[in-house]
1. Might you check whether a residue that is more than 9 Å from chain A (Cβ to nearest Cβ) and among the small types (G, A, S) occurs anywhere in the stretch B:163-179?
2. If I go through the stretch B:57-69 residue by residue, how many of them are within 11 Å of B:V37 (Cβ to Cβ) and out of contact with any helix residue (DSSP H, G or I) (no Cβ under 6 Å at 6 or more places or on another chain)?
3. Within the stretch B:199-211, which residues are without any contact (Cβ under 8 Å) to a residue 40 or more places away in the chain and either within 18 Å of the chain's Cα centre (by Cα) or in a strand (DSSP E or B) (or both)?
4. Does B:T140 satisfy being of a type in the set (S, T, N, Q), out of contact with any Ser or Thr (no Cβ under 8 Å at 6 or more places or on another chain) and more than 30 Å from B:H97 (Cα to Cα)?
5. If you check A:P153, A:P148, which single one turns out to be over 21 Å from B:P138 (Cα atoms), under 16 Å from the mean Cα position of the chain (by Cα), at the interface with chain B (Cβ under 9 Å from one of its Cβ atoms) and modelled with pLDDT of 95 or more?
6. Report the residue count in the stretch A:68-102 for those that are touching a Phe, Trp or Tyr at 6+ places or on another chain (Cβ under 7 Å) and either closer than 21 Å to A:L55 by Cα or hydroxyl-bearing (S, T, Y) (or both).
7. Given the residues A:G64, A:G59, A:G30, which is the only one that is closer than 30 Å to A:V185 by Cα and over 19 Å from the mean Cα position of the chain (by Cα)?
8. Of all the residues that make up the stretch A:150-202, how many are among the charged types (D, E, K, R), touching a helix residue (DSSP H, G or I) at 6+ places or on another chain (Cβ under 9 Å) and buried (at least 22 other Cβ atoms within 10 Å of the Cβ)?
Protein chains: 2
Amino acid sequence: MNLLLMSNSTAPGRGLLEHAHSVLADVLSGVRTVTFVPFALADHDAYTQIFTNALKPLGLDVVGAHTGDPARLVSDAEAVFVGGGNTFRLVKAVHEHGLIDIIRQRTDQGMPYIGSSAGTNIAAPTMRTTNDMPIVQPTTFDTLGLIPFQINPHYVDPAPGDSHMGETREQRILQFLEENDVAVVGLREGTWLRREDGTLRLGGVEAGGRLFRRGAEPADLAPGADLSDLLEFAPRFDS
Amino acid sequence: MNLLLMSNSTAPGRGLLEHAHSVLADVLSGVRTVTFVPFALADHDAYTQIFTNALKPLGLDVVGAHTGDPARLVSDAEAVFVGGGNTFRLVKAVHEHGLIDIIRQRTDQGMPYIGSSAGTNIAAPTMRTTNDMPIVQPTTFDTLGLIPFQINPHYVDPAPGDSHMGETREQRILQFLEENDVAVVGLREGTWLRREDGTLRLGGVEAGGRLFRRGAEPADLAPGADLSDLLEFAPRFDS
């Protein structure tokens, strides 16, 4: 397993993927062409072009998974990058294109998988900890399960003095834990998880992440934290 | 039809429902007991108690829909108040308890329906414009359809200087419009929609709302705005 699961693709004040050049070069070592999965946004051509430009400085070519039969393109890929956008739209599309089993099989064989935001959400067993609006209805919330716990990308702490009366992100995740006994890693902007087989580490900017488990106080996670124990987690979802 | 669809149940700096006492007295004129639907939160007893206390100053008694057969209790209700919390949990429960058809039928006959947050989301044709996390998977996103357009409760404008890299609320609603040709009313905190048969008005605090339609610039809505035209809207959802 060779996974890079990013909270988001842009750190504040930096260009697209700039904050992650070094870890991308590591994950994609030996890769020449990346297959980009653009289904989380509506304009697949424009979205693929943006990532083509962003990966060029790393000497990488990009092909959009929408430019032919997506199942064939992903099956033959050297590496897959699943971009962010709307997770419900992405999940509907990856099921409709039959990509779930193919990505599971290829990542088991060592194909690098990179996700950002929605692309990171679908690496978890389900999409139940996405922040996105349910603009379309997928047939199921089940996703890739490349890790046995959930991720919440774009994790934000409660803002002091915020007059918004909706739930904070922490309250939402605690509601998830009321229904499901599954660990959740909140990834603050500019951070990521890096899985290499049985090893899992938090990387990226100083903000780090936050770990939520049923029956335990939420705990901050510092960059570099070794989270390999989470790969042994046995998730239990509400039906 | 006698509906009160509130963005949320508490205005900043006020007690629960305090900002809406006058409109609640109007909607619930002649009602002695309100049936409270607490399924959006996990602790039904505690949640019902909170609303029992909040409605007491209006001379109203409250019975929780979970204290017996929910279908029977809603069927026999003088008025229904559906509280906020997690919309996915609420939608799963109202379908499992068979409440959809009963609420449609009773509201058609004039029974007052009050929703707050998640309870307002489910008054729309679908839950596709909720802000909530999909912590459980309902069998369908379809909801009551007491109005032919969507509502986004807790609507917030983009905050200047926000370092959060996720989508703004406006961007999320524009993504909804990419997939569905359905009007969306964003209700800012402390505002509500009041439907009396063929009349629909925006009420509540000065912040007002915001109207989104495919192919049109989003437009602010002032308190008191007459939105009755929206009741003629013919929604078209993505499959």
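1. Looking for residues that are more than 9 Å from chain A (Cβ to nearest Cβ) and among the small types (G, A, S), one finds none in the stretch B:163-179, hence no.
2. 1
3. Matches in the stretch B:199-211: B:T199, B:R201, B:L202, B:A207, B:G208, B:L211.
4. no
5. A:P153
6. Residues meeting the conditions: 3.
7. It is A:G30.
8. So the answer is 1.
The values are calculated or read from the model by the stated rules, or taken from the named source; none is laboratory data. Computed from a prediction, not measured in an experiment: that's the story for all the values here. For neighbour counting, all protein chains shown are included, and Cβ atoms are generated from backbone atoms with ideal geometry for every residue, glycine included.
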